[in-house]
Structures are given as structure tokens and as C-alpha cells.
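A.B. asks: Dropping a structure here in C-alpha cells format, bear with me for questions.
The values are calculated or read from the model by the stated rules, or taken from the named source; none is laboratory data. Fair warning: this is a prediction, and the values are worked out from it, not measured in the lab. Here the Cβ positions follow ideal geometry from the backbone for every residue, glycine too, while neighbour counts run over all protein chains shown. What goes into the accessible areas is simple: the full protein's heavy atoms, side chains included, and nothing from ligands, DNA or RNA. Shrake-Rupley method; radii C 1.70, N 1.55, O 1.52, S 1.80 Å.
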Amino acid sequence: SQQGEEDPQALSIQEGENATMNCSYKTSINNLQWYRQNSGRGLVHLILIRSNEREKHSGRLRVTLDTSKKSSSLLITASRAADTASYFCALNTGGFKTIFGAGTRLFVKA
Amino acid sequence: DTAVSQTPKYLVTQMGNDKSIKCEQNLGHDTMYWYKQDSKKFLKIMFSYNNKELIINETVPNRFSPKSPDKAHLNLHINSLELGDSAVYFCASSLDFFSGNTIYFGEGSWLTVV
């Protein structure tokens, strides 16, 4: 399938800890995006990384991309209770479609 | 200001009914989408319109019919609702249809078919 597969499906950590979520895929991509979805809300774009990039940062977020392994990771440092949400990777394979995975559900305990 | 707004947010209806969900974006984007999110949170694209023209039509039952009166609006009409249609439907938009653009989502419409 073309979608990304997030791992783990769910993650529970204490506030202040780092959270790492992974996304693996099978096809070639032009770029990969990460989105966040708070409970009962729509998805919000976090960061985009292009296929020729290896790492990007945005605030407490760090995204890496390894095209040889066809995988990406999202690291949230010094997590906060407000980071509790579902995180989705979305693949752009060159067509018109952005294909989303099933997400990782992150729980940050205060 | 709400960028992508959709109504209603909650909809409970009986099997066999026909219902519509409306969507409007005030971002000046050319491309709009409908996504369906099932109970397992998996998000699937249903339709995409660019400047009122249909460019993506995934394998969706004919009971689902999108309508785009102008590029700022994309409504979704569903005929003869079935139990399996229960899901959250998200409207979204992006600058244009080139893949890789940031997609802006509405808050979702929770459809429950009983």
C-alpha cells in the first residue's frame, strides 16, 4: 500500500520526557509531512520534509528522513500535557494525493 | 477567523436518509478535499476538486456526491445513508493540487447513522 505506517500505535510518557514516533513506507516519495490531531478536532500541519532533506527542526519538533530505509521519525522534546494528540505522517508520492497513515496516539501524563 | 469551516459538526440520522455537509474555505485556495476518518482513525481521501473541477475520485459509492459551486465551497451530499457511513468527515483545502502543499483541515463533521 502507499500509505505510511506509524509506530507505535500508542505511546504513553511522562511530562518532560521525549516522545519519538516513526513512520515507515514502501514507495518512493517526493516529501513527507507530519500532522497533529487533537481529540475531536481537525488535523494541523506540523512540518514537511523533502526527499532530499535528512532532518528538519521546528521548535520542540525534530523530524528525520531516511529514504534508504524508507522511514521518518518525529521527535517531540520535553513533552507537555498539551502535546497529547494523535500524530500522522502523510506521504506525497508525486501525484495529486496526500496519503495519511493511521497515526500514533500520544498520551503525555502530567 | 476560521480558515476551513464545515457544518454541521454533529449529525445523527436514520438509515436511508439523505444528508448534506457543507464546507467553505476563506484561504483563497484552489483545491478542496473531502476525507473520511473511520473509527480506527484511518484517514482516507474521498474527493478532491481544483477550481471547481473534480481531480480525485477515489473508490467511493455513488451515494456520495460532491458539489463545488465555486472554488471556496465544496459540499458533500450522501444519499440513502447506511450504518457503515458512520464516520468523521473532514473538509480540507490546499493552495493548489500539487502534492506536498500543506493541507488545512476543518474541524470535522461527526456522522452517526442509526
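A.B. asks: Looking only at region A:62-86, which residues are closer than 25 Å to residue A:26 by Cβ, part of a strand (DSSP E or B) and away from chain B (no Cβ under 11 Å)? So that I can check it myself, show each step before the final result.
C.D. replies: From region A:62-86, those closer than 25 Å to residue A:26 by Cβ are A:62-75, A:86; that's our starting set.
Remaining after also requiring part of a strand (DSSP E or B): A:62-66, A:71-75, A:86.
Passing the criteria: A:62, A:63, A:64, A:65, A:66, A:71, A:72, A:73, A:74, A:75.
Here is a yes/no grid of residues against (1) within 15 Å of residue B:5 (Cβ to Cβ); (2) in a strand (DSSP E or B):
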{"site": "B:20", "(1), (2)": "yes, yes"}
{"site": "B:36", "(1), (2)": "no, yes"}
{"site": "B:44", "(1), (2)": "no, yes"}
{"site": "B:62", "(1), (2)": "no, no"}
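A.B. asks: Sort out which residues of region A:10-47 are open to solvent by 40 Å² or more (accessible area, probe 1.4 Å), within 9 Å of chain B (Cβ to nearest Cβ) and either assigned to a strand (DSSP E or B) or of a type in the set (A, V, I, L, M) (or both), and write them in order of number.
C.D. replies: Within region A:10-47, A:44, A:45 qualify.
A.B. asks: Looking only at region A:36-94, count how many residues are of a type in the set (A, V, I, L, M, F, W, C) and touching a Phe, Trp or Tyr at 6+ places or on another chain (Cβ under 7 Å).
C.D. replies: Within region A:36-94, the first condition is being of a type in the set (A, V, I, L, M, F, W, C), and the residues that meet it are A:43-44, A:46-49, A:61, A:63, A:65, A:74-76, A:78, A:81-82, A:85, A:88-91.
Those left that are additionally touching a Phe, Trp or Tyr at 6+ places or on another chain (Cβ under 7 Å): A:43-44, A:46-47, A:63, A:74, A:88-91.
Going through region A:36-94 one residue at a time, the tally reaches 10.
A.B. asks: Let me ask something else. Can you tell me which residue within region B:82-110, out of those that are over 19 Å from residue A:99 (Cβ atoms) and open to solvent by 40 Å² or more (accessible area, probe 1.4 Å), is nearest to the other protein chains (Cβ to nearest Cβ)?
C.D. replies: Among residues in region B:82-110 that are over 19 Å from residue A:99 (Cβ atoms) and open to solvent by 40 Å² or more (accessible area, probe 1.4 Å), the one nearest to the other protein chains (Cβ to nearest Cβ) is B:107.
A.B. asks: Can I ask one more? May I ask you to say which residue of A:27, A:77, A:67 is under 16 Å from residue A:107 (Cα atoms) and among the β-branched types (Val, Ile, Thr)? Full working, then the answer.
C.D. replies: On the way: A:27 fails: under 16 Å from residue A:107 (Cα atoms); A:67 fails: under 16 Å from residue A:107 (Cα atoms).
Only one candidate qualifies: A:77.
A.B. asks: For the subset of region B:20-46 comprising residues that are crowded, with 20+ Cβ neighbours inside 10 Å and in contact with an Asp or Glu (Cβ under 7 Å, 6 or more places away or on another chain), which member is nearest to residue B:90 (Cα to Cα)?
C.D. replies: Within region B:20-46, the match that is nearest to residue B:90 (Cα to Cα) is B:45.
A.B. asks: Residue B:76 passes all but one of (1) within 11 Å of chain A (Cβ to nearest Cβ); (2) over 23 Å from residue A:87 (Cα atoms); which number fails?
C.D. replies: Among (1) within 11 Å of chain A (Cβ to nearest Cβ); (2) over 23 Å from residue A:87 (Cα atoms), residue B:76 violates only (1).
A.B. asks: All but one of (1) more than 14 Å from every other protein chain (Cβ to nearest Cβ); (2) of a type outside the set (S, T, N, Q); (3) part of a loop (DSSP other than H, G, I, E, B); (4) more than 30 Å from residue B:89 (Cβ to Cβ) hold for residue A:57; which doesn't?
C.D. replies: Only one criterion in (1) more than 14 Å from every other protein chain (Cβ to nearest Cβ); (2) of a type outside the set (S, T, N, Q); (3) part of a loop (DSSP other than H, G, I, E, B); (4) more than 30 Å from residue B:89 (Cβ to Cβ) is unmet by residue A:57, namely (3).
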